[in-house]
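Working notes, beginning with the structure itself.
The values are calculated or read from the model by the stated rules, or taken from the named source; none is laboratory data. The structure displayed is predicted, hence computed values, not measured ones. Backbone-built Cβ (ideal geometry, glycine too); neighbour counts: all protein chains shown.
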Amino acid sequence: MAHELTAVEIAKIKEEIEHRQTVVTPQCIAEVQRTRAFGDLSENDEYRSAKRELNRNYSRIRYLKNLLEHGVMVEYSSDEDTVGLFDKVTLWDEDYEEERIVTLVTHLRADILNDRISKDSPLGQALMGHRIGDRIRVQVNENSAYFVTIRDLEKGEDDSSLTIN
């Protein structure tokens, strides 16, 4: 399955790859060489740690390149009065009797701790295309669902400050 990527995400991915290849990789290699000089590699925790960090860097580069290779650039738009990608939505959660503000984002920038919800999540899928005042059933799985009501909608745009996961 192809990853859906926005133009901003593609640019950020390319920027991170470039940074990792030109800055992070040489730093990691230098640290591996420095710690290797400490002697006996079987008891050299600094060396193992430096190698682990270098491998994490290479792994992240492979992951990002894979995203670009298998990604498809998409553009999202929605009507002014309907929920769409990058919109901030104020919800009333009936079960908890509390208000919650979420922003719909792509799966690469989802961050539940900061109320950035993936458009592909059950809540994100349920919200897309709805309007202020709509009461929506969010189907979590076969046995679980809950209701939210859209109280407010603030149209948003693709924010380049959000990190790529």
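Inspect the range 86-103 for any residue being modelled with pLDDT under 95 and β-branched (Val, Ile, Thr) and give the result as yes or no.
There is no residue in the range 86-103 that is modelled with pLDDT under 95 and β-branched (Val, Ile, Thr).
Can you go through 72, 83, 140 and tell me which one is surrounded by fewer than 17 Cβ atoms within 10 Å (Cβ to Cβ), β-branched (Val, Ile, Thr) and in contact with a helix residue (DSSP H, G or I) (Cβ under 6 Å, 6 or more places away or on another chain)?
Numbers: 72 fails: in contact with a helix residue (DSSP H, G or I) (Cβ under 6 Å, 6 or more places away or on another chain); 83 fails: surrounded by fewer than 17 Cβ atoms within 10 Å (Cβ to Cβ).
The match here is 140.
Is it fair to say residue 108 is of a type in the set (A, V, I, L, M, F, W, C), surrounded by 12 or more Cβ atoms within 10 Å (Cβ to Cβ) and modelled with pLDDT under 95?
Yes, satisfied.
List the pairs whose first member sits in the range 24-41 and is within 13 Å of residue 52 (Cβ to Cβ) and assigned by TED's automatic domain parsing to the domain that holds residue 56, whose second member is among the small types (Gly, Ala, Ser) and surrounded by 11 or more Cβ atoms within 10 Å (Cβ to Cβ), and whose Cβ atoms are under 9 Å apart, counting only residues at least 6 apart or on separate chains?
So the pair list comes out as 28/50; 31/49; 31/50; 32/50; 35/49; 35/50.
Identify the residue in the range 108-165 that is of a type in the set (Lys, Arg) and in contact (Cβ under 8 Å) with a residue 60 or more places away in the chain and, among all such residues, is farthest from residue 68 (Cα to Cα). Steps first, please.
Taking the range 108-165 as the starting set, the residues that turn out to be of a type in the set (Lys, Arg) are 109, 116, 119, 131, 135, 137, 151, 155.
From what is left, the residues that are in contact (Cβ under 8 Å) with a residue 60 or more places away in the chain are 109, 151, 155.
On the way: 109: 15, 151: 37, 155: 28 Å.
Only one residue tops the list, namely 151.
Hey, does the range 118-130 have a residue that's within 30 Å of residue 25 (Cα to Cα), buried (at least 17 other Cβ atoms within 10 Å of the Cβ) and of a type outside the set (S, T, N, Q)? Reasoning before the result, please.
To start, the set of residues in the range 118-130 that are within 30 Å of residue 25 (Cα to Cα) comprises none.
There is no residue in the range 118-130 that is within 30 Å of residue 25 (Cα to Cα), buried (at least 17 other Cβ atoms within 10 Å of the Cβ) and of a type outside the set (S, T, N, Q).
All but one of (1) buried (at least 16 other Cβ atoms within 10 Å of the Cβ); (2) out of contact with any Lys or Arg (no Cβ under 7 Å at 6 or more places or on another chain) hold for residue 34; state the number of the condition that does not hold.
So the condition that residue 34 fails would be (1).
Go over the candidates 126, 110 one by one and state the one that is touching a Ser or Thr at 6+ places or on another chain (Cβ under 7 Å), of a type outside the set (Phe, Trp, Tyr) and not assigned by TED's automatic domain parsing to the domain that holds residue 12. Step through it out loud before you land on a result.
On the way: 126 fails: touching a Ser or Thr at 6+ places or on another chain (Cβ under 7 Å).
On inspection, the qualifying residue turns out to be 110.
Take the residues of the range 113-165 that are of a type in the set (A, V, I, L, M) and assigned to a loop (DSSP other than H, G, I, E, B): which is farthest from the chain's Cα centre (by Cα)?
To start, the set of residues in the range 113-165 that are of a type in the set (A, V, I, L, M) comprises 113, 117, 123, 126-128, 132, 136, 138, 140, 145, 148, 150, 153, 162, 164.
Adding the requirement that they be assigned to a loop (DSSP other than H, G, I, E, B) leaves 128, 132, 162, 164.
Details: 128: 18, 132: 26, 162: 8, 164: 5 Å.
Within the range 113-165, the match that is farthest from the chain's Cα centre (by Cα) is 132.
One residue is enough: does the range 25-34 have a residue meeting the conditions hydrophobic (A, V, I, L, M, F, W, C), modelled with pLDDT under 95 and more than 21 Å from residue 158 (Cα to Cα)?
Keep residues of the range 25-34 that are hydrophobic (A, V, I, L, M, F, W, C), which gives 28-30, 32.
Those still in the list that are modelled with pLDDT under 95 too: 32.
Going one step further and asking which of them are more than 21 Å from residue 158 (Cα to Cα), we end up with 32.
Yes - at least one qualifying residue is present in the range 25-34.
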